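Down below is the structure, laid out as structure tokens.
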Amino acid sequence: MLIINSNVDMQVNNYLQKPALTRPEELQTLVENRRIFNLKNCELNIFESYQQALHVPLTFNDLVITSMIRGKKVMHLFDKPSFDYLPGETVIVPSNETMIIDFPEATEQNPTQCIALAVDEAYILDTLHYLDSYYNTGNEQHHWNLTFNQYHFENDHEVTELINKLIRVCSSQDKAKNIYADLHMKELLIRLIQTQHLKQVTLDSLTDNNHNRLNYVLNYIQEHLTEKIAVDVLSRKAYLSRNMFFKWFKEQFGITPLEYINRERLKLAKQLLCKPEHNIYTVSKLCGFSDVNYFVRIFKKMEGTTPKAYQTCIL
């Protein structure tokens, strides 16, 4: 069975569009200067820091979805080891949980900039109820939830686009912005919840591959990742028609079976690219791609760079 070792994985992130910095004459403080845009179900905060600082506390009364835009922070959360918080990453924090934040590199020339979306609890519960009502299939009922054992995310393209839209909508003067923000926020929450679900089911499939239909299918994909994987075979493994299988998989994880397979293959590809004896053609073949040009296109789309540029950067 093939197990992906994520410890050697170098992330290539999807960066958010950078909002304009606060004009110097409007700054209230040089550490975590705050601009607030209040909507019906959420509040957008844009934080900026222009000087080094350590152990700065920050607490919200609501669940908060934060994303880094510029610079670097060091985050201390949940009595866990601290970690670098960099552009292209998102962190979710429950209500009334204090974040302790360091700004080791912030200067006037190189400020940090981060957004924080505080989301009303009733709105989150309503979204979870929607998932429970419409995103369960057949006899396999799953109680959807937003958990905090997985709270640090690498933004994918869809998450980045949704956050960019929310920043634009929340900071606009559009009279209908509450409506647009509602649509984008609900989709963002669903994608984060599905991402957590996918990570958990993938981990479960490594230790209990027959626990349920999800584990069985994902374990089969992992065991045959370097081979050709036919969707018809996967649908038979799940005892579903091809069309029902696509619908079921997308409802559970927010991505198609092919997108999941390609993501897992690219995790393996990035490990193999760490070894100088592997050229692009060899890596493509070892990862189950029959066409090296398709491998390069998928790699660039999902990682923001070509396999060759990635290999050059890490060697």
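Determine which member of the set Leu272, Leu268, Leu214 is touching a His at 6+ places or on another chain (Cβ under 9 Å), within 25 Å of Asn155 (Cβ to Cβ) and touching a residue at least 60 places away in the same chain (Cβ under 8 Å). Before the answer, list the steps.
Values: Leu272 fails: touching a residue at least 60 places away in the same chain (Cβ under 8 Å); Leu268 fails: touching a His at 6+ places or on another chain (Cβ under 9 Å).
Result: Leu214 is the single residue among Leu272, Leu268, Leu214 that is touching a His at 6+ places or on another chain (Cβ under 9 Å), within 25 Å of Asn155 (Cβ to Cβ) and touching a residue at least 60 places away in the same chain (Cβ under 8 Å).
Test Ala122 against the stated conditions and say whether it is closer than 20 Å to Ala181 by Cα, open to solvent by 60 Å² or more (accessible area, probe 1.4 Å) and aliphatic (A, V, I, L, M).
It is true that Ala122 is closer than 20 Å to Ala181 by Cα, open to solvent by 60 Å² or more (accessible area, probe 1.4 Å) and aliphatic (A, V, I, L, M).
Listed here are the residues, each with its yes/no results for (1) exposed (fewer than 14 other Cβ atoms within 10 Å of the Cβ); (2) of a type outside the set (A, V, I, L, M, F, W, C); (3) touching a residue at least 12 places away in the same chain (Cβ under 8 Å); (4) closer than 22 Å to Asn262 by Cα.
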site: Thr127; (1), (2), (3), (4): no, yes, yes, no
site: Asn164; (1), (2), (3), (4): no, yes, yes, no
site: Ile167; (1), (2), (3), (4): no, no, yes, no
site: Leu192; (1), (2), (3), (4): no, no, yes, yes
site: Gln200; (1), (2), (3), (4): no, yes, yes, yes
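What are the residues in segment 38-52 that are assigned to a strand (DSSP E or B) and buried (at least 18 other Cβ atoms within 10 Å of the Cβ), if any? Break it down stepwise before answering.
We begin by selecting, within segment 38-52, every residue assigned to a strand (DSSP E or B); these are 38, 42-49.
Scanning segment 38-52 gives Cys42, Glu43, Leu44, Asn45, Ile46, Phe47, Glu48, Ser49.
Whether any residue in segment 117-124 is part of a loop (DSSP other than H, G, I, E, B) and under 14 Å from His152 (Cα atoms) is what I want to check.
Pass one, segment 117-124, residues part of a loop (DSSP other than H, G, I, E, B): 120.
Those still in the list that are under 14 Å from His152 (Cα atoms) too: none.
The answer is no, given that none of the residues of segment 117-124 is part of a loop (DSSP other than H, G, I, E, B) and under 14 Å from His152 (Cα atoms).
So which residues in segment 224-264 are open to solvent by less than 20 Å² (accessible area, probe 1.4 Å), in a helix (DSSP H, G or I), under 18 Å from Met302 (Cβ atoms) and not aromatic (Phe, Trp, Tyr)?
Pro257, Ile261, Asn262, Glu264, listed by residue number.
Being more than 25 Å from Gln51 (Cα to Cα) and at pLDDT 90 or above narrows it down to one residue among Ser67, Ser95, Ser82; which is it? Give the derivation first.
On the way: Ser67 fails: more than 25 Å from Gln51 (Cα to Cα); Ser82 fails: more than 25 Å from Gln51 (Cα to Cα).
On inspection, the qualifying residue turns out to be Ser95.
Return the only residue of Lys228, Lys186, Lys237 being within 21 Å of the chain's Cα centre (by Cα) and among the basic types (Lys, Arg). I'd like the intermediate steps shown before the answer.
On the way: Lys228 fails: within 21 Å of the chain's Cα centre (by Cα); Lys237 fails: within 21 Å of the chain's Cα centre (by Cα).
Going through Lys228, Lys186, Lys237 in turn, just one is within 21 Å of the chain's Cα centre (by Cα) and among the basic types (Lys, Arg): Lys186.
Name the residues in segment 265-308 that are of a type in the set (Asp, Glu) and either assigned to a helix (DSSP H, G or I) or open to solvent by less than 50 Å² (accessible area, probe 1.4 Å) (or both), would you?
Initial filter on segment 265-308 (of a type in the set (Asp, Glu)): 277, 291, 303.
Scanning segment 265-308 gives a single hit, Glu303.
Taking Asn61 as the residue in question, decide whether it is closer than 21 Å to Met185 by Cβ and either free of Cβ contacts under 8 Å to residues at least 40 places away in the same chain or out of contact with any helix residue (DSSP H, G or I) (no Cβ under 7 Å at 6 or more places or on another chain) (or both). Steps first, please.
Values: closer than 21 Å to Met185 by Cβ: yes; either free of Cβ contacts under 8 Å to residues at least 40 places away in the same chain or out of contact with any helix residue (DSSP H, G or I) (no Cβ under 7 Å at 6 or more places or on another chain) (or both): yes.
The answer is yes for Asn61.
Test Ile92 against the criterion of being of a type outside the set (S, T, N, Q), outside any loop (DSSP other than H, G, I, E, B), closer than 23 Å to Asp79 by Cα and touching a Ser or Thr at 6+ places or on another chain (Cβ under 9 Å), and give yes or no. Talk me through it step by step, then tell me what you get.
On the way: of a type outside the set (S, T, N, Q): yes; outside any loop (DSSP other than H, G, I, E, B): yes; closer than 23 Å to Asp79 by Cα: yes; touching a Ser or Thr at 6+ places or on another chain (Cβ under 9 Å): yes.
Yes; evaluated as a whole, the condition is true for this residue.
Could you check segment 149-183 and list, in sequence order, the residues that are under 21 Å from Asp84 (Cα atoms) and over 10 Å from the mean Cα position of the chain (by Cα)?
Once the filter is applied, which keeps residues that are under 21 Å from Asp84 (Cα atoms) and over 10 Å from the mean Cα position of the chain (by Cα), segment 149-183 yields Asn149, Gln150, Ile163.
The values are calculated or read from the model by the stated rules, or taken from the named source; none is laboratory data. It should be emphasised that the depicted structure is a prediction, and the values quoted were computed from it without experimental measurement. Ideal geometry is used to build each Cβ from the backbone, glycine not excepted, and the neighbour counts take in all protein chains shown. All accessible areas refer to the heavy atoms of the entire protein, side chains included, with ligands and DNA or RNA removed. Shrake-Rupley method; radii C 1.70, N 1.55, O 1.52, S 1.80 Å.
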